[in-house]
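Accompanying notes for the structure given below.
The values are calculated or read from the model by the stated rules, or taken from the named source; none is laboratory data. None of the values given here were measured: they were computed from a predicted structure. Please note: Cβ atoms are built from the backbone with ideal geometry, for glycine as well, and neighbour counts cover all protein chains shown.
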Amino acid sequence: MYDVRFREFLRLRANIRQLTAARRKSIMSRMEENEEKVEQTDQHSSPQQDDSTCDFDPAAAQQQQPDQRRDVDQTDPAEVQEATDELGKWRELALRTAAEYDNYRKRCVKEREEFTRYATRGLLEELLPIVDNFEMGMQMAEAEKGSMIYIGMDMVKKQLSDFMAAQGVEKIPTKVGDTFDHNIHEAIQSEPSDLEEGSIVRILRPGYRLKGKLLRAVNVVTAASSEQEA
């Protein structure tokens, strides 16, 4: 859709240039006709006027442009009015298309920033199960915290934590007794509990955020209602 609008913008810009070039050519043609008529009626004209047409001055030409338009209005006002209306229509289309293109450019910049910001999301999602298994292994090895194996595993765990923090990953804080929140929690099952209905009974798997956005929900077990207990 954005490419179509961009091509439409280029097409409209080309049409406006063609229209402007055509009007300029028409005005120049009428000026030449007027000059020929002046030369035919006045044979004693000064040659300085011919020299001025050879020495092109953009500033002088721009100052003379309103006078040329007034000459056209005097010769054929209906045609000039029609050309003015048409030029206004193209100008309005060009402004509207330019605004759309500016919005398209801003959207592209935003999408590129979003892509750069979350480019590592897929990699981190695949890394989380490895982190889970590694933490489970750490829990199993807690009985031998003084061993070199556990110390080495703890160092690796810290490196993983530092890496994930540098990527903008943070663990979602959740504890037993919290109220279930469907925005960050995923209920795997429910079971009878003394806690209030809907409260978190157990945490099966931790959840994470990536730069403020949910990367993985927390898998939890919630407290069942009294009807379900019966």
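A few points about this structure:
- Residue within the stretch 169-180 that is exposed (fewer than 13 other Cβ atoms within 10 Å of the Cβ), touching a residue at least 12 places away in the same chain (Cβ under 8 Å) and farther than 30 Å from residue 118 by Cα present: yes
- In the stretch 95-132, residue nearest to residue 170 (Cα to Cα) [restricted to those that are at pLDDT below 85 and of a type in the set (D, E, K, R)]: 117
- Verdict on residue 135 being more than 30 Å from residue 119 (Cα to Cα) and either in contact with a Pro (Cβ under 6 Å, 6 or more places away or on another chain) or modelled with pLDDT under 90 (or both): no
- Filtering the stretch 88-124 to residues that are touching a Leu at 6+ places or on another chain (Cβ under 7 Å) and not β-branched (Val, Ile, Thr) leaves 90, 93, 94, 118, 121, 124.
- Within the stretch 191-221, the set of residues being part of a loop (DSSP other than H, G, I, E, B) and among the polar types (S, T, N, Q) comprises 193 only.
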